[in-house]
Amino acid sequence: MFWTIVFHSLDCIIDSPACDVRIDFFGQDWSNQSCWFRIRVATIRHTTLDWNGSGTMTGSTDLTTKSETTSVPNDKPVSVDKSGPKVRKMFGSIAHRYDFLNHFLSVNIDHYWRSQTTKLAPPPPAGETIVDCCTGTGDLAVAYDRKSNGANPILATDFCRPMLIRSVPKFSKIGASGRIAVVESDAQYLPLPSDMAGLTTVAFGLRNIASTAGGLDELIRITKPGGRVAILEFSRPTGRILGRIYLAFFKQILPKVGQAIAPNASNAYGYLPASVLEFPDGQAMLDLMASRGLSSCQATTMTFGVASLYIGTKPIR
Ligand SMILES: C[S@@+](CC[C@H](N)C(=O)[O-])C[C@H]1O[C@@H](n2cnc3c(N)ncnc32)[C@H](O)[C@@H]1O
């Protein structure tokens, strides 16, 4: 079946003249009566790309075009607004203080969480690609480059350019510029072929993606059969006393400290507890992963359950 896509506008802003841009048009993507089209824009190495597109599709079926978000059945309704433009703007507004606040508010434990992630979900065999989605300022990509001694090419992807830009000097500093490529892209529509990654990771990112199930589907799509998907995310400590202390810190103190250090109109540090408290953790997350097709799913809690690492394997067909 052929579709005709008529664009009303498509604006590309390309930062580097030395980039290689590929645009693929996918006519349809069916998911229980949802359908949309994807625009995949691939940039090579440290080039970045902004795109905005709008259009209509004509074909033999009535379609609704969706350019930014999709709703996948199984997504639980949430009260937090996770629309792409809002989330991108929010992270853009705190990008300059993100690393400092991350380390400060977690008392540097975030380093430990990432290093545990590289141990429990180790790099795939040398030469196989690792894709780190929602890479932000690139700390997990750096941790994997260290862990693999540079034996794996890494793609670090994120849709927030101010965050991504801060990853680039980190990669050069460790001499990994030739091994870690930065791709500016929405994690729900990665400009990457299916079955290409030996390991796909996401740290503190899946929670922010508009469609959790859709984001998970995309991580699974790009992972090769037999490869693993590793998700590091905040979770909720279960102990009664610790749980209460954590909730008080998370809901009352953290938003105020965050706002004081990185004042932002998006209330990013109010969004953080709200999004964490609504996000599936523990068994609910494992059930979601299994329902999207991952096997051997397991969870490891860290730091009394403040963070959890979920690992699943894409079955060999
Ligand atoms: C809390 S930060 C985590 C960054 C990094 N992984 C870390 O461990 O510090 C979340 C990141 O997810 C990115 N993000 C959120 N939704 C996204 C989406 N739909 N597509 C791509 N990136 C997204 C944000 O831009 C932000 O950089």
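The values are calculated or read from the model by the stated rules, or taken from the named source; none is laboratory data. Keep in mind that this is a model prediction, so the values were computed, not measured. Note: ideal-geometry Cβ built from the backbone for every residue, glycine included; neighbour counts use all protein chains shown.
All conditions but one from (1) out of contact with any Phe, Trp or Tyr (no Cβ under 8 Å at 6 or more places or on another chain); (2) outside the structural domain of M302 (by TED's automatic domain parsing) apply to G227; the one that does not is (2). Screening A230, A248, A265, A290 for residues that are at pLDDT 85 or above and more than 22 Å from P124 (Cβ to Cβ) leaves exactly one candidate, A248.
Considering the conditions (1) under 16 Å from R88 (Cβ atoms); (2) crowded, with 22+ Cβ neighbours inside 10 Å; (3) more than 9 Å from the ligand (Cβ to nearest atom), R166 is excluded by exactly one of them, (2).
Of the residues I130, I109, the single one that is closer than 18 Å to G178 by Cα and of a type in the set (A, V, I, L, M, F, W, C) is I130. Note on segment 140-160: residues that are charged (D, E, K, R) and near the ligand (Cβ under 9 Å from one of its atoms) total 1. Within segment 169-178, is there a residue that is of a type in the set (K, R), touching a helix residue (DSSP H, G or I) at 6+ places or on another chain (Cβ under 9 Å) and within 16 Å of the ligand (Cβ to nearest atom)? Yes, because at least one residue in segment 169-178 is of a type in the set (K, R), touching a helix residue (DSSP H, G or I) at 6+ places or on another chain (Cβ under 9 Å) and within 16 Å of the ligand (Cβ to nearest atom).
When the test is whether a residue is of a type in the set (S, T, N, Q) and in contact (Cβ under 8 Å) with a residue 24 or more places away in the chain, S172 does not pass it.
Summed over segment 137-163, the residues that are of a type outside the set (A, V, I, L, M, F, W, C), in contact with a Ser or Thr (Cβ under 7 Å, 6 or more places away or on another chain) and either within 21 Å of K224 (Cβ to Cβ) or crowded, with 22+ Cβ neighbours inside 10 Å (or both) give a count of 8. Condition check for Y246 on (1) in the same structural domain as F100 (by TED's automatic domain parsing); (2) of a type in the set (S, T, Y); (3) under 26 Å from F104 (Cβ atoms): one failure, at (1). Scanning segment 190-211 for residues that are hydroxyl-bearing (S, T, Y) and crowded, with 23+ Cβ neighbours inside 10 Å returns T200, T201. Scoring L216 on the criteria (1) part of a helix (DSSP H, G or I); (2) surrounded by fewer than 20 Cβ atoms within 10 Å (Cβ to Cβ) leaves a single failure, condition (2).
In the set (1) surrounded by 18 or more Cβ atoms within 10 Å (Cβ to Cβ); (2) among the charged types (D, E, K, R); (3) touching a residue at least 40 places away in the same chain (Cβ under 8 Å), the condition left unmet by E128 is number (1).
Listed by first and then second residue, the pairs linking a residue in segment 192-212 that is more than 15 Å from I231 (Cα to Cα) to a residue that is at pLDDT 95 or above and aliphatic (A, V, I, L, M), with Cβ atoms under 6 Å apart and 6 or more places separating them unless they lie on different chains, are L192/I222; M196/I222.
Residues of segment 132-152 that are more than 25 Å from L101 (Cα to Cα), out of contact with any Lys or Arg (no Cβ under 6 Å at 6 or more places or on another chain) and in contact (Cβ under 8 Å) with a residue 24 or more places away in the chain: S148, A151, N152.
As a summary of the residue check, G305 satisfies the conditions (1) under 19 Å from the mean Cα position of the chain (by Cα); (2) buried (at least 16 other Cβ atoms within 10 Å of the Cβ) except for the one numbered (1).
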